[in-house]
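The values are calculated or read from the model by the stated rules, or taken from the named source; none is laboratory data. Quick caveat: nothing in here was measured; it's all calculated off a predicted structure. Glycine gets a Cβ as well: all are built from the backbone with ideal geometry, and neighbour counts include every protein chain shown. With ligands, DNA and RNA removed, areas are computed over all heavy atoms of the protein, side chains included. Shrake-Rupley method; radii C 1.70, N 1.55, O 1.52, S 1.80 Å.
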Amino acid sequence: YCDVVRIRWYRNEELLKEAEYQIGTWEYFCYGVVDYYNKVVISFLHTSRPFRNVFLTGITWGLIRTFRDDEIEDIDCIMEISPLSEEVSINTMNYTIRSKSEYAFEFQKRQKQTLYFDEAILGIFYLKDGSQLGMTRYSVETQDAVGVLDSNQFMGGIYVDKLVPDLLGEIMAGEGVAYFLDDTYAAATVSGYLPICTKRAALQQLAFAIGAVVD
């Protein structure tokens, strides 16, 4: 894989943003927010192994779309939390919109979507399924990061005084989801057997073992 990438965003000949990414895995998301660019230059500076080719298989790009209450026909949002972490629920948001934009709504795998009430963020979700019902009408199903974790497997292991931050990092590795662990658990450890299971189940077991709440 390419472990050093530089990306430059331009508006005509004006350089708007430049970022260099140090990558430690074959799958990586280069995060950058830039407004009104019309050219991107991606430079692959270094590979993890010498004399290997870099293959570019696709580019994902697009607009940030904001759907307001005059475009949302209906919306159902379920958000749950367990104070005991005997279960880590999958929060969902399903909605139907009639878009007023001239741009078609493009469905992309794990497309990030944020739910707001006024200016407050209520939840962050990822596209699960979507369909076009008409020329400008769409139906969308989403789930939160827990739903994403429920689709991927964790290989488990036998642990002796394993630091909680390290185990949590292993569970969340490769998901591209930002998370926060309270400082209370910075030095906490766990011991025991965690079987092969989904990452959601592994997260639930870890939270239950240390008395943490997953939100």
* **Cα-based convex hull, region 33-78, per residue volume (Å³, whole number)** => 194 Å³
* Asked: For region 1-73, what does the equivalent ellipsoid look like in terms of its semi-axes, each the square root of 5 times an eigenvalue of the Cα gyration tensor, given largest first in whole Å?
  -> 30, 17, 10
* **Efficiency of FRET between Glu73 and Glu106 - r from beta-carbon atoms, R0 25 angstrom, step 0.05** => 0.80
* Structure fact -> Note on the chain: contact order normalised by length, alpha-carbon pairs under 8 Å, 6 or more apart, percent, works out to 17 percent
* **Inter-label distance, nm, simple model (7 Å from Cα along the C-beta direction), Trp26/Phe44** => 1.4 nm
* To do: May I ask you to list the lysines whose Cα is less than 17 Å away from that of Lys17, ignoring any residue fewer than eight positions away on the same chain?
  => Lys39
* **Protection-proxy order for peptides 141-147, 74-80, each taking the mean of Cβ atoms within 10 Å per residue, highest first** => 141-147, 74-80
* Over all alpha-carbon pairs of region 133-197, lay out the pair-distance distribution in 10 Å bins, whole %, shortest bin first. => 16, 39, 26, 9, 8, 3
* May I ask you to evaluate 6.51 cos²θ - 1.76 cosθ + 1.60, the Karplus curve with θ = phi - 60°, for each residue of region 107-117 and list the ³J(HN,Hα) values in order in whole Hz, giving x for glycine and proline? => 8, 10, 4, 6, 4, 6, 9, 10, 9, 10, 10
* **Where only alpha carbons of region 1-135 are counted, the Rg and the Dmax (Å)** => 19.3, 55
* Structure fact -> Checking rank on 166-176, 125-135, with mean other Cβ inside 10 Å and highest first, the result is 166-176, 125-135
* How high is the relative contact order of region 1-97, given as a whole-number percent (alpha carbon pairs under 8 Å, six or more residues apart)? -> 25 percent
* Asked: Considering the alpha-carbon set of region 102-175 alone, what are its Rg and its Dmax in angstrom?
  -> 17.3, 58
* Asked: How large is the helix-only mean residue ellipticity at 222 nm for the chain, computed as the sum of -39500 (n - 2.57) over DSSP H runs with n ≥ 4, divided by its residue count, in deg cm²/dmol to the nearest 500?
  -> -3500 deg cm²/dmol
* Report the convex hull volume per residue for region 66-126, counting only C-alpha atoms, in Å³. => 97 Å³
* Structure fact -> So the FRET efficiency between Glu86 and Thr114, C-beta based with R0 = 35 Å and rounded to 0.05, is 0.80
* To do: Using a 1.4 Å probe over the heavy atoms of the protein chains, calculate the carbon and sulfur portion of the accessible area of the chain as a whole percent.
  => 52 percent
* Which order do the peptides 89-96, 207-214, 105-112 take when ranked by the mean count of other beta-carbon atoms within 10 Å per residue, highest first? => 89-96, 207-214, 105-112
* Structure fact -> For region 122-215, dividing by residue count, accessible area per residue (probe 1.4 Å) in Å² works out to 55 Å²
* Structure fact -> Rounded to the angstrom and largest first, Cα extents along the principal axes for region 58-215 equal 57, 36, 22
